[in-house]
Amino acid sequence: MKSKLLLIAFVLLGNTFAMAQSAQRMVDEFLTNQLQSPEVVTFQMQQFLMGHMPELPSPTSSAEWAAEANRIRQHVVNDVVYHGWPKDWVDSAPKFEDMGAVPVPAGAGYRLRKFRYEVVPGFYSTAVLYEPENLEGKAPAVLDVLGHFPTGKSEPFEQKLCINQALRGMVALSIAFIDMGELRTADNSHYYGSDLDLVGVNGVGLFYLAMRRGLDFLYDDPHVDRSRIAVTGLSGGGYQTIMLSALDPRVEVSIPVAGFDSLNGRLERLPGEPGDYEQLAPGLLDGQGYQTFVAIRAPKPTLEINNAEDSCCFRAPLVKPDIYDAIRPFYALYGKQDALQFHQDTQVSAHNYQQDNRQQAYRFLSKWFDLPEKPDEIPVEKYVKSYTELASGVPADNLTILALARQFASRIQHAPIPSMSAARSEWAKTRRASLARVARYRPVKVEQPWYVANTNHSTVESISFRFMLSNGLSATGVWTKSTWTPESAPMVVMVNDKGRPGVDEQVGDHVPEAANLVDTGKQVLALSILFTGDANPLKDDVGSLGYMMTAVGAPPLGLEAAQLIAITEWAAQKWHPSELSLESSGYRMQLVSLVAGALQPRLFRSIAIHQGIHTLVELLDKSVKSEEVPDVFCLDLYKDFDLDILKAMAEPATVTETDYVNLTAAKQ
């Protein structure tokens, strides 16, 4: 008798094991299927962003536009660029250290001096000043800004440009670009501007202060005519040119060279014109854009130079309709149509500020600064200096973007979480409103669930979905359960940094969770939300699209939390499970899950987190790159919140965390 019972037990155990193995095979079959292509996701994101492109105003008079331009200028400078930056830093006088003269041959007609200057306390940059040899009285001045050129101020085209400006009677100040020349270091990579965002200061402010200090220097120079100051630069220097000359009224003449485009133009030509972090900083394109920045220059002289066959970006025939043709009516309001000019260079098929483009700049400066016209460039090749000769030197302990972000982070002290129930509830309500503002959370709905595929085997059934959301974006998901499990059974919503395929991966000694949940009588809804799995855009577009979304005021974190909440609410209405719980794996989905739980604390009964981190500070400590994971970097997020605060806000849901992950430091 005992032997028969043992035999029956072994048979039942074997059947159970076989069923578990079968469930695992079937879940593997449909969880990893691609339900939409990255090309489709990229297109949806392009459409979403194009819908956020601000329309140019249509003023009817110069007075009307002048007032509106001033409002835009004040908003961008004070609410966007200087967001979070200490006022005493912003308002401080320029601090330039004279690092000595650079020898030039006698009779060369100009003189050189090197400087280093403080951008913010502890963060220094460098500059070279070019002056006419016999400078008397007041002279016009040019701030020459650079783009992504590793040798910085010693670039030959930059030196030729500045020397020619001095030989034409202008004072020229060439300033370094962050992460180029003497500021070239891994921790100054521009995407670390997102780390500044995280700790409560808009990273674009550092870039803006770096260029504005140069303008401050020229404005205070006793030899400079304050009414005749220009800015010019190529590439990232072109971006700096339009930013500074649009936002600072002290700039009279602006000559940006191949440095920007409208948001639509960037989107139409992805990934060819993606833009760096500082060009797509948080809120920078929310309500205004680069077209606006050119328009608010009116009626001041502006020469846009672009190359017909640029090897990088911003080709003249492609950008001209948006950044020149569309802006002419604004200059017409003032009767100053001739003050806005566009030059298409056809001499060099490259991203360049070579002789033809420089000569265009000399002519434009001479005209508007009332200088003798010398249209041809003066040959100065023999005067070009080496990198070492122009190096000013920065302090050995000079801060970097990342170090500055860590410094801000070290000063953040979050208020204690209330321990008493009533106080905690009121606290959470207030914090919830703040979190919605920080994440720019806007609720969405599942507008149309697409029933893409299904399976129905002897023990497991599934339906695969594409979820079309009301904001035009999408996510994918697979619902599955055992055939004997009722639709009222508890449901587990699962998200993973890798999307649905990651949901059923074995991590360490753990049995793949999705199949295990199905075997134990649960319903499972495995999702790929935005920027995960098959809801990811093309790989080369991830960083750019993430930055663009943040720039237009729709950071990925808020979009992802909205998707998770909307799809869960839809699932609750469709299947009416007796309870809903959430399981996430990976530090990205940890953050999204906690934000969703904090915003809708009664949606999930429990939230289980695997492979997460202890604190957002780990993102800074391990130099995580925002261009790879744009969803975890959100302006003001760590300044106002950390993971423990979000967990407390998710109550009454219970939050458990296991298997913390050790982030790997970013490779430089």
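Some values worked out for this structure:
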| quantity | calculated |
| --- | --- |
| Residue among GLU628, GLU618 that alone is within 20 Å of the chain's Cα centre (by Cα), of a type outside the set (Phe, Trp, Tyr) and modelled with pLDDT under 95 | GLU628 |
| Selection within the range 509-546 - within 30 Å of GLY265 (Cβ to Cβ) and assigned to a loop (DSSP other than H, G, I, E, B) | ILE529, LEU530, PHE531, THR532, ASN536, PRO537, LEU538 |
| Residues (among the acidic types (Asp, Glu) and either in a helix (DSSP H, G or I) or under 23 Å from SER235 (Cβ atoms) (or both)) located in the range 107-154 | ASP144 |
| Contacts under 8 angstrom Cβ, first residue in the range 61-75 being in contact (Cβ under 8 Å) with a residue 12 or more places away in the chain, partner assigned to a helix (DSSP H, G or I) and surrounded by 16 or more Cβ atoms within 10 Å (Cβ to Cβ), 6 or more apart | TRP65/ALA295; TRP65/PHE330; ALA69/ALA295; ILE72/THR292; ARG73/ALA246; ARG73/LEU247 |
| Qualifying position, being aliphatic (A, V, I, L, M), in a helix (DSSP H, G or I), modelled with pLDDT of 95 or more and in the same structural domain as VAL503 (by TED's automatic domain parsing), among VAL80, VAL41 | VAL41 |
| Residues of the range 87-146 that turn out to be over 22 Å from ARG228 (Cα atoms), buried (at least 22 other Cβ atoms within 10 Å of the Cβ) and hydrophobic (A, V, I, L, M, F, W, C), as a count | 2 |
| Criterion: outside the structural domain of MET548 (by TED's automatic domain parsing), at pLDDT 80 or above and aliphatic (A, V, I, L, M) - qualifying residue of ALA18, ALA66, ALA9 | ALA66 |
| Residue selected from the range 429-460 under the condition over 26 Å from the mean Cα position of the chain (by Cα) and among the polar types (S, T, N, Q), by the criterion nearest to GLN24 (Cα to Cα) | THR459 |
| Qualifying residue in the range 302-325 (condition: touching a Pro at 6+ places or on another chain (Cβ under 8 Å) and surrounded by fewer than 19 Cβ atoms within 10 Å (Cβ to Cβ)) | yes |
| The range 481-500, residues that are part of a strand (DSSP E or B) and within 19 Å of ALA608 (Cα to Cα) | MET491, VAL492, VAL493, MET494, VAL495, ASN496 |
| Odd one out for TYR383, checked against (1) at pLDDT below 95; (2) farther than 30 Å from MET649 by Cα | (1) |
| Residue that is outside the structural domain of THR126 (by TED's automatic domain parsing), in contact with a strand residue (DSSP E or B) (Cβ under 8 Å, 6 or more places away or on another chain) and surrounded by 16 or more Cβ atoms within 10 Å (Cβ to Cβ), where the choices are ALA439, ALA391 | ALA391 |
| Cross-chain or 6+ apart pairs with Cβ under 7 Å, the range 327-342 first and touching a residue at least 40 places away in the same chain (Cβ under 8 Å) and within 13 Å of ARG297 (Cβ to Cβ), then surrounded by fewer than 18 Cβ atoms within 10 Å (Cβ to Cβ) and of a type in the set (Lys, Arg) | LEU340/ARG328 |
| Boolean, VAL171 is closer than 14 Å to LEU215 by Cα, touching a Ser or Thr at 6+ places or on another chain (Cβ under 9 Å) and not acidic (Asp, Glu) | no |
| Criterion violated by MET549 - all others in (1) surrounded by fewer than 24 Cβ atoms within 10 Å (Cβ to Cβ); (2) part of a helix (DSSP H, G or I); (3) not small (Gly, Ala, Ser) satisfied | (1) |
| Tally of residues being assigned to a helix (DSSP H, G or I) and either closer than 22 Å to PRO372 by Cβ or in contact with a Cys (Cβ under 8 Å, 6 or more places away or on another chain) (or both) across the range 155-179 | 8 |
| The range 209-227 residues that are touching a residue at least 60 places away in the same chain (Cβ under 8 Å) and within 15 Å of ASP144 (Cβ to Cβ), paired with ones that are outside any helix (DSSP H, G or I) and among the basic types (Lys, Arg) (beta carbon under 7 Å, 6 or more apart) | LEU215/ARG250; VAL224/LYS138 |
| Residue that is farthest from the chain's Cα centre (by Cα), among those in the range 399-415 that are part of a loop (DSSP other than H, G, I, E, B) and crowded, with 18+ Cβ neighbours inside 10 Å | LEU399 |
| Some residue of the range 466-480 being surrounded by fewer than 19 Cβ atoms within 10 Å (Cβ to Cβ), modelled with pLDDT of 95 or more and among the aliphatic types (A, V, I, L, M) | yes |
| GLU377, sole failed condition from (1) under 30 Å from PRO317 (Cβ atoms); (2) surrounded by fewer than 16 Cβ atoms within 10 Å (Cβ to Cβ) | (2) |
| Set GLN24, GLN74, GLN34: member being surrounded by fewer than 17 Cβ atoms within 10 Å (Cβ to Cβ) and in contact with a helix residue (DSSP H, G or I) (Cβ under 6 Å, 6 or more places away or on another chain) | GLN34 |
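To keep it simple, each residue is scored yes or no on (1) among the small types (Gly, Ala, Ser); (2) within 24 Å of the chain's Cα centre (by Cα); (3) at pLDDT 95 or above.
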site: ASP497; (1), (2), (3): no, yes, yes
site: GLY502; (1), (2), (3): yes, no, no
site: PRO512; (1), (2), (3): no, no, no
site: ASP519; (1), (2), (3): no, no, no
site: LEU527; (1), (2), (3): no, no, yes
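The values are calculated or read from the model by the stated rules, or taken from the named source; none is laboratory data. Not measured: the values here are computed from a predicted model. FYI the Cβ positions are ideal-geometry reconstructions off the backbone, even for glycines, and counts take in every protein chain you see.
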